[in-house]
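*Asks:* Input: one structure, supplied below.
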Amino acid sequence: MKHELKGPSLLSRGVRRIIIALYRRRGYRLVDKCPVPPRCVIIGVPHTTNWDFVFFLGATAEMGIRPSFMGKHTLFKWPATRFMYDMGGVSVDRSAKGRNYVDQVVDVFSRRTELALVVAPEGTRNATKPWRSGFYHIAHKAGVPLVPAWVEDATGRGGLGPAIMPSGNYAADLELLLGYYRSVMPDHPRWALLEAAIAEERSETNA
């Protein structure tokens, strides 16, 4: 179902202002500000704390970007419908037969001239498994670039790196992302999960 976009509600404007105020109060610093295409998938890693949401909303606001996120379709029911869409929500129904969530989001991209979708491929704050690949399939099928974003909560530093157009070679493109992330946060232990995703993909390709 298509959602008719309206002006933001008083509630969503208030919540956004509070989050941006928290972003400024915590003293986050954007040290990497590469241009962000109007249609893209922003990769938000490492996801280690609930404050990551505050950083990414504040950082994108600082760069003049309206971020979007995927949410379970049941969260978009009344009375939260308008608020969820105002905040940038993209409704996905993972139980839909014959239409997976990747195709649902690709369809949304096809109808939008601007859509900066933030995805956390680690899945959870306590991730221990390789990156989930859904973010990549969305970008590749929609024909939009990947934008690597990062935040180091201990120092308040963060940034958005150079956009990478997915080539269809998942492992090779993950290598490019890993190179960027290691250049800004060389010793972060979470990159082991990205390395694991690369190794897993190469193993499946060579099987």
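The values are calculated or read from the model by the stated rules, or taken from the named source; none is laboratory data. Predicted, not measured: the structure shown is a model, and the values here were computed from it. Because the Cβ atoms are built from the backbone with ideal geometry, glycine has one as well, and the counts that use them run over all protein chains shown.
*Asks:* Looking at the stretch 160-182, which of the residues that are in contact (Cβ under 8 Å) with a residue 60 or more places away in the chain and among the small types (Gly, Ala, Ser) is nearest to residue 39 (Cα to Cα)?
*Replies:* Only one residue tops the list, namely 163.
*Asks:* Could you check residue 139 against (1) more than 20 Å from residue 64 (Cβ to Cβ); (2) more than 12 Å from the chain's Cα centre (by Cα) and say which number it fails?
*Replies:* Here residue 139 meets the rest and fails (2).
*Asks:* I'd like to check something: does the stretch 57-70 contain any residue that is in contact with a His (Cβ under 7 Å, 6 or more places away or on another chain) and either farther than 18 Å from residue 43 by Cα or buried (at least 19 other Cβ atoms within 10 Å of the Cβ) (or both)?
*Replies:* no
*Asks:* Out of the residues in the stretch 143-164 that are over 15 Å from the mean Cα position of the chain (by Cα) and not acidic (Asp, Glu), which is modelled with the highest pLDDT?
*Replies:* Residue satisfying both the conditions and the ranking: 143.
*Asks:* While we're here: Give the stretch 162-198 a look and list any residue that's small (Gly, Ala, Ser), surrounded by 13 or more Cβ atoms within 10 Å (Cβ to Cβ) and either touching a Ser or Thr at 6+ places or on another chain (Cβ under 8 Å) or within 14 Å of residue 131 (Cα to Cα) (or both), or say none.
*Replies:* 171, 196, 197
*Asks:* While we're here: Give me the pairs, please: first residue somewhere in the stretch 183-196 and part of a loop (DSSP other than H, G, I, E, B), second residue anywhere and among the β-branched types (Val, Ile, Thr), beta-carbon distance under 8 Å, and either six or more positions apart or on two chains.
*Replies:* 190/45; 190/48
*Asks:* Among all residue pairs at least 6 apart or on different chains, which show Cβ distances below 9 Å where the first residue, located in the stretch 52-66, is in a helix (DSSP H, G or I) and modelled with pLDDT of 95 or more and the second is surrounded by 21 or more Cβ atoms within 10 Å (Cβ to Cβ) and charged (D, E, K, R)?
*Replies:* none
*Asks:* Could you please let me know if residue 77 is more than 22 Å from residue 47 (Cα to Cα) and free of Cβ contacts under 8 Å to residues at least 24 places away in the same chain?
*Replies:* Judged against the criteria, residue 77 is a match.
*Asks:* Next question. Name the single residue, out of those in the stretch 87-145 being assigned to a loop (DSSP other than H, G, I, E, B) and of a type in the set (A, V, I, L, M, F, W, C), that is surrounded by the fewest Cβ atoms within 10 Å (Cβ to Cβ).
*Replies:* 96
*Asks:* Scan 99, 132, 157 and give me the residue that is touching a helix residue (DSSP H, G or I) at 6+ places or on another chain (Cβ under 9 Å), within 24 Å of residue 190 (Cα to Cα) and without any contact (Cβ under 8 Å) to a residue 12 or more places away in the chain.
*Replies:* Criteria check complete, one pass: 132.
*Asks:* Looking at 48, 74, which one is polar (S, T, N, Q), part of a loop (DSSP other than H, G, I, E, B) and surrounded by fewer than 21 Cβ atoms within 10 Å (Cβ to Cβ)?
*Replies:* When all the criteria are applied, what remains is 48.
*Asks:* Let me ask you something else. With the requirement that a residue be under 18 Å from residue 31 (Cβ atoms) and part of a strand (DSSP E or B), what does the stretch 153-182 give you?
*Replies:* 157, 158, 159, 160
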